[in-house]
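*Asks:* I have a structure I would like to understand better, so I am pasting it below and will then ask my questions one at a time.
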Amino acid sequence: MGNSHITIHNKAFRPYLSAAHLDEAVARLATRISADYAGRRPLFVVVLTGGFMFASDLLKRYIGECEIVFIRVASYEGTASSGVVQEVLGLREDVQGRDLIIIEDIVDTGTTMHHLLPTLQAKGPASVEIATLFFKPESLKHQLDLRYVALEIPNDFVVGYGLDYDGLGRNLPDVYVAV
Ligand code: IMP
């Protein structure tokens, strides 16, 4: 990764985390998860779109039997009594009694996970844990138990390695931060 700034949609970003640095953090996390789930057969639930690159690298390094599904989450305002309603798209598997590991690109305010967890828990899995590439502890607005965090980062906007800025930048192998 060079030193040069990049521009996405007229916004400037500077190099922040190299592909090698990300790879090391992801490998460490894969080792931990593999040890924790030894002898079980977890079902990894990858949250699209941002989680695709992290999931690919993490799962290549996961050792043991596992299954993988991809979901999308769509949140919309329900009635005043129901608050935010969350729909999980693409989860056709029966998750009853399964050990689920959600794979997410970033936990920022935690709102997405705060709504996704009960939605999945209502389907009767044996366990649910979260594996996230990035966690911004300063932004968190909900109580969340994050078992697997690859990297904690400050409250800055990052792009690359699956994460986008208004649709662009997901393909970048390195991560950049807004300047
Ligand atoms: P939440 O606030 O934890 O619900 O974060 C939800 C989503 O916001 C993440 O899954 C990302 O798609 C997006 N997001 C939050 N912070 C960033 C960032 O720094 N770069 C790119 N996307 C982000």
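*Asks:* Are any residues in the range 1-41 among the small types (Gly, Ala, Ser) and open to solvent by 10 Å² or more (accessible area, probe 1.4 Å), and if so, which ones?
*Replies:* Going through the range 1-41, the residues among the small types (Gly, Ala, Ser) turn out to be 2, 4, 12, 18-20, 25, 27, 30, 34-35, 38-39.
Correct list: GLY2, SER4, ALA12, SER18, ALA19, ALA20, ALA27, SER34, ALA35, ALA38, GLY39.
*Asks:* Ok, one more. Which condition breaks for ILE103 when tested against (1) assigned to a strand (DSSP E or B); (2) at pLDDT below 95?
*Replies:* (2)
*Asks:* Still on this structure, I have one more. Could you check the range 60-100 and list, in sequence order, the residues that are within 15 Å of VAL128 (Cβ to Cβ), among the hydrophobic types (A, V, I, L, M, F, W, C), more than 11 Å from the ligand (Cβ to nearest atom) and at pLDDT below 95?
*Replies:* Selection gives VAL88, LEU91.
*Asks:* List pairs: first residue in the range 22-38 and of a type in the set (A, V, I, L, M, F, W, C), second residue open to solvent by less than 10 Å² (accessible area, probe 1.4 Å) and in a helix (DSSP H, G or I) anywhere in the structure, Cβ distance under 9 angstrom, at least six positions apart or on different chains.
*Replies:* LEU22/PHE54; VAL26/PHE54; VAL26/LEU58; ALA27/LEU58; LEU29/LEU58; ALA30/LEU58; ILE33/LEU58
*Asks:* Let me ask another. Return yes when PHE44 is under 16 Å from the mean Cα position of the chain (by Cα) and open to solvent by less than 70 Å² (accessible area, probe 1.4 Å) and no when it is not. Explain how you work it out, then say what you get.
*Replies:* Details: under 16 Å from the mean Cα position of the chain (by Cα): yes; open to solvent by less than 70 Å² (accessible area, probe 1.4 Å): yes.
Yes: the conditions hold for PHE44.
*Asks:* Here's a follow-up. I'd like to verify a number: residues in the range 128-166 that are among the small types (Gly, Ala, Ser), open to solvent by less than 10 Å² (accessible area, probe 1.4 Å) and within 12 Å of the ligand (Cβ to nearest atom), how many?
*Replies:* Kept after step one, since they are among the small types (Gly, Ala, Ser), are these residues of the range 128-166: 131, 139, 150, 160, 162.
Then keep just the ones that are open to solvent by less than 10 Å² (accessible area, probe 1.4 Å); that gives 131, 160, 162.
So of that shortlist, the ones also within 12 Å of the ligand (Cβ to nearest atom) come out as 160, 162.
Count: 2.
The values are calculated or read from the model by the stated rules, or taken from the named source; none is laboratory data. Just so we're clear, the structure is a prediction, and the values are computed from it rather than from any experiment. Please note: Cβ atoms are built from the backbone with ideal geometry, for glycine as well, and neighbour counts cover all protein chains shown. What goes into the accessible areas is simple: the full protein's heavy atoms, side chains included, and nothing from ligands, DNA or RNA. Shrake-Rupley method; radii C 1.70, N 1.55, O 1.52, S 1.80 Å.
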